[in-house]
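Chemist: The structure follows.
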Amino acid sequence: MKFIVAILFFITQVSLAQKSRADSLDSGKSVEDSVMYARLKQRMTKSRVGREIYGAVFRDVYNTNAQKKEINKLEINPFEKYDGKVIGKILIKKLEIFGPSVNDTTRKGNKIEHFASKTFHYNTRERVIRQSFLLFKEGDLLNPKTLKDNERLLRANAIIHDARILVVERKDVKWMVDILILIQDVWSINFDVSANGLNNFVFGVEDRNFQGRGHSFLNKITWRADDPYQRLGLRSIYTIPYIGKTFITGQVRAIYERDLTQFAARINRSFLTTETRNAGSFELGYVKVREYKRLIINNIDSSLVYQVGSFYSDVWYGRSFKIVGLNPNKRIIIAARRSSFDYTKRPEVRADTNKIYWNRTTWLGSIGYSNRNYQRDILIYGFGRTEDVPIGNLFSLTFGTENTEFGNRNYAGVQFARGMYLHKNQGYFYALANAGTYLKQKEIQQGTIGIQSFYFSKLMKFGKANGRQFINLGFTYGLNRDALDYLNISGNDGILGVNSESLRGDKRLTLGFESVLFSYKSIFGFRVAHFAFANFGLVSLKDKSLISSRLYQGYGIGFRLRNENLTINTFQIRLGYYPNIPDITSAFRFAFDGSQPLRLRDFDISAPSIVPLR
């Protein structure tokens, strides 16, 4: 009875709040997002029941405009005026994962959130932060660029929700300053649970900050009693993000599942900043994949299921060189790579068939130019966290040779990319163009030409909410690809929300539009983003013209839910309409799924690689 009365009271207060006209927020307050919810809070917190309901359902999210202004202030490097001063003490303040933020450390979570933060979560250990996550130490001369890069690297870490580095001036001396680092972890423990009775279930647990050490440990078991291929599935992955002060990442994978078996170990070090001189990786393992393909046999489009297994090794090393007299963000990078695949299971291969399954050893080298910088922004792929948007460009040439069981062949490739904010803050534009091919006796083999562009608009105000427009354009053209070597424009590669093997070919042209409205509401700590999309795609096999192929279409609406303080996927509910997609049972499709937040592509040059067909 008390519960029913409480709910009725809650609904009444919401209705009264919605009738109120919003005036304006006090400029000194950054904890309310709207007058309506401020008034709702005022009414509901007059009683104990109302306080409990409001605290359980709603969160006062910090004002987006205030946060945007704070982010914009940081675009002028705040560390410049301290250049060359000695770093005295390094102080680390670890915020609770619920409640405060790096922009407002005074915000408090409710009792349940405080209890969960202290009882069920290990904050990243201070010793780990000092030894593995910092590019500077006490006694160093302060380098403004190093501090700015370090702040970005902290935010890029999967176990950290947000981070801010502050310089604290000393009153006793002018030549020395202290450093204060604010770090807020994310909730690190995730569960992957689904079941359809005892004969069909999945149970997985992942701790992305195991015992506060920054290590990630994932374990998962799958049981499908009626599966004709494999009933039991096991997966275990252990990752060390940075080993000591080397910024080397290590990972061990043991996977035994229906469609994937893999046993591998890998260490790698990226060009984390423009000051990073050396990078590379080494990986050794065995992998077996169950492939689901389609092939036209005797004019009939047939389904094929087969396994491909191989032992493989992959090693590369790169060296970055500063260009004397130019901007320190500009570098020349030289790299070399060796990879090999020795197949134990595969379909039939011949000198002119299934080249992607040849036993091979590939040697590649590359030389490139990179210009990297970053600009802070919010509400792009995140739901309020600080996002570092890459701006700059790169150009690289790749060349090499491949030794195969059917003789040797050469490889050559080129890529160019550029990303920038447009004039007068009209949005962000990114473009990538690349091309590459194998050459054997002047014959092109497995060639690819690709263009990918991406645009998002400036952040726009719609009442109390914020919105952006997103546009994606992609073009790929395959040259002399084999019958089983094709691309597909289903899902995130073209037509969102469908998976059809009929949308395949060796060339494609896709165009996608998405409008996103980031709500000011926060329910149970989850921010809400409403979206509408329209996708269009052309795809064809090599014996058909791309322009004359059918224009596939997809339209839909939906919303996404995400709590940036958790490492769980973004929840997405979507309703789509697909008027002409083959092999689907209905033109209308409803989906509830999860996805990891995307990140914009950087302008670092890593391992020399073959231009993929996708």
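The values are calculated or read from the model by the stated rules, or taken from the named source; none is laboratory data. Just so it is clear, the model here is predicted, and its values are computed rather than measured. Cβ: placed from backbone, ideal geometry, glycine included. Neighbour counts: every protein chain shown. Side chains are part of the model used for accessible areas, which takes the heavy atoms of the whole protein and leaves out ligands, DNA and RNA. Shrake-Rupley method; radii C 1.70, N 1.55, O 1.52, S 1.80 Å.
Chemist: Compute the angle between helix 2-19 and the longest alpha-carbon principal axis of the chain, please, reported from 0 to 90 degrees and rounded to the nearest 10.
Modeler: For helix 2-19, the angle is close to 90 degrees.
Chemist: In the neighborhood of D583, defined by Cβ-to-Cβ distances under 14 Å, what is the net charge if each Lys or Arg adds +1 and each Asp or Glu adds -1?
Modeler: +2
Chemist: Looking only at the chain, where both bridge partners belong to it, what percent of the DSSP beta bridges are antiparallel (to the nearest 5)?
Modeler: Antiparallel bridges: around 95 percent, rounded to the nearest 5.
Chemist: Rounded to whole Å and sorted largest first, what semi-axes of the equivalent ellipsoid does the C-alpha gyration tensor of segment 126-235 yield via the square root of 5 times each eigenvalue?
Modeler: Details: eigenvalues 431, 25, 21 Å².
Equivalent-ellipsoid dimensions as semi-axes: 46, 11, 10 Å.
Chemist: Normalising by the residue count of segment 357-436, find the relative contact order in percent from Cα pairs under 8 Å and 6+ residues apart.
Modeler: 26 percent
Chemist: A follow-up question, please. Could you work out Rg/(2.2 N^0.38 Å) for segment 479-614, with Rg from alpha carbons only? Show your work: numbers first, answer last.
Modeler: Details: Rg = 17.5 Å, N = 136, 2.2 N^0.38 = 14.2 Å.
After normalising by residue count via 2.2 N^0.38 Å, the value is 1.23.
Chemist: Within straight cross-link reach of K442, meaning Cα distance under 16 Å, which aspartates and glutamates are found once same-chain residues fewer than 8 apart are removed?
Modeler: Reachable aspartates and glutamates: D352, E402.
Chemist: Pairs on different chains or at least eight residues apart, Cα atoms closer than 25 Å: how many lysine pairs in segment 122-278 fit?
Modeler: Close lysine pairs found across segment 122-278: 11.
Chemist: I would also like to ask the following. Ignoring ligands, DNA and RNA, what accessible area per residue does segment 116-254 give at 1.4 Å, in Å²?
Modeler: Heavy-atom SASA per residue in segment 116-254 reads 50 Å².
Chemist: Add +1 for every Lys or Arg and -1 for every Asp or Glu among the other residues with Cβ under 14 Å from the Cβ of V168, and state the total.
Modeler: For residues surrounding V168, the net value is +4.
Chemist: Rolling a 1.4 angstrom probe over the protein heavy atoms, how many square angstrom per residue are accessible across segment 409-479? Let's see the in-between values first.
Modeler: Working: 3490 Å² over 71 residues.
Here the per-residue accessible area is 49 Å².
Chemist: Counting Lys and Arg as +1 and Asp and Glu as -1, what is the net charge of the other residues whose Cβ lies under 10 Å from the Cβ of I573?
Modeler: Neighbourhood net charge equals +1.
Chemist: Which of the residue pairs K93/K464; K440/K542; K85/K322; K89/K330 have a Cα-Cα distance greater than 27 Å in the structure shown?
Modeler: In this structure, K93/K464; K89/K330 lie more than 27 Å apart at Cα.
Chemist: Return the Rg/Rh value of segment 377-476, two decimal places, where both radii are evaluated on C-alpha atoms and Rh is the Kirkwood radius.
Modeler: 1.19
Chemist: Would you mind checking segment 346-389 for residues with the amide N under 12 Å from a putative spin-label position 7 Å along Cα→C-beta of H530?
Modeler: none
Chemist: May I ask for the angle, rounded to the nearest 10°, between helix 35-44 and the longest principal axis of the chain, with both axes built from Cα atoms and the value confined to 0 to 90°?
Modeler: 60 degrees
Chemist: Relative contact order for segment 456-552: what percent, with Cα pairs under 8 Å and sequence separation of 6 or more?
Modeler: RCO, segment 456-552: 27 percent.
Chemist: Rg over Rh of the chain, using C-alpha atoms and the Kirkwood radius, what does it come to?
Modeler: Rounded to two decimals, Rg over Rh is 0.97.
Chemist: With the crude spin-label approximation of a point 7 Å out along Cα→Cβ, what separation in nm comes out for D583 versus I471?
Modeler: It is 3.2 nm.
Chemist: Over all pairs of distinct alpha carbons, what does the Kirkwood formula give as the hydrodynamic radius of segment 414-465, in Å?
Modeler: 13.9 Å
Chemist: Taking only the alpha-carbon atoms of segment 289-415, what semi-axes of the equivalent ellipsoid follow from 5 times the gyration tensor eigenvalues under a square root, in whole Å, largest first?
Modeler: Values for segment 289-415, descending: 39, 24, 13 Å.
Chemist: Using only the alpha-carbon atoms of segment 481-551 as identical scatterers, what base-10 log of I(q)/I(0) does the Debye formula give at q = 0.13, 0.18, 0.26 Å⁻¹?
Modeler: Reported log10 I(q)/I(0), two decimals: -0.49, -0.71, -1.12.
Chemist: HN-Hα J couplings of segment 191-199 from phi, Karplus 6.51/-1.76/1.60, θ = phi - 60°, integer Hz, Gly and Pro as x?
Modeler: 10, 10, 10, 8, 7, 9, x, 6, 8
Chemist: Turning to a different aspect of this structure: Could you run the Debye sum over the Cα atoms of segment 248-340, one equal point scatterer each and no solvent, and tell me log10 of I(q)/I(0) at q = 0.12, 0.19 Å⁻¹, two decimals?
Modeler: Normalising to I(0) and taking log10 leaves -0.61, -0.91.
Chemist: Residue by residue through segment 414-426, which ³J(HN,Hα) values in whole Hz follow from phi under the Karplus form 6.51 cos²θ - 1.76 cosθ + 1.60 (θ = phi - 60°), with glycine and proline marked x?
Modeler: With the stated coefficients, segment 414-426 comes to 8, 8, 9, 9, 8, x, 7, 7, 6, 4, 6, 6, 8 Hz.
Chemist: Taking H placed 1.01 Å from N in the peptide plane, check which residues at least 5 places from I92 or on another chain put their amide H under 5 Å from its amide H.
Modeler: Residues meeting the amide H criterion: I181.
Chemist: For the chain, what relative contact order do you get, as a whole percent, if you take Cα pairs closer than 8 Å and at least 6 residues apart?
Modeler: Relative contact order here is 9 percent.
Chemist: Also: For segment 254-293 and segment 336-401, what is the separation of their C-alpha centers, rounded to whole Å?
Modeler: First find each Cα centre; the distance between them is then 12 Å.
Chemist: Report, by chain and number, residues whose modeled amide H sits under 5 Å from the one on S540, excluding near sequence neighbours (fewer than 5 apart, same chain).
Modeler: The list, which skips near neighbours in sequence, is D506, K507.
Chemist: Round to a whole number: what % of the accessible area of the chain belongs to carbon and sulfur, probe 1.4 Å?
Modeler: Carbon with sulfur: 57 percent of the solvent-accessible area.
Chemist: Moving to a separate point now. For the chain, find the longest principal axis of its Cα atoms and tell me its angle to the long axis of helix 64-73, 0 to 90°, nearest 10.
Modeler: 70 degrees
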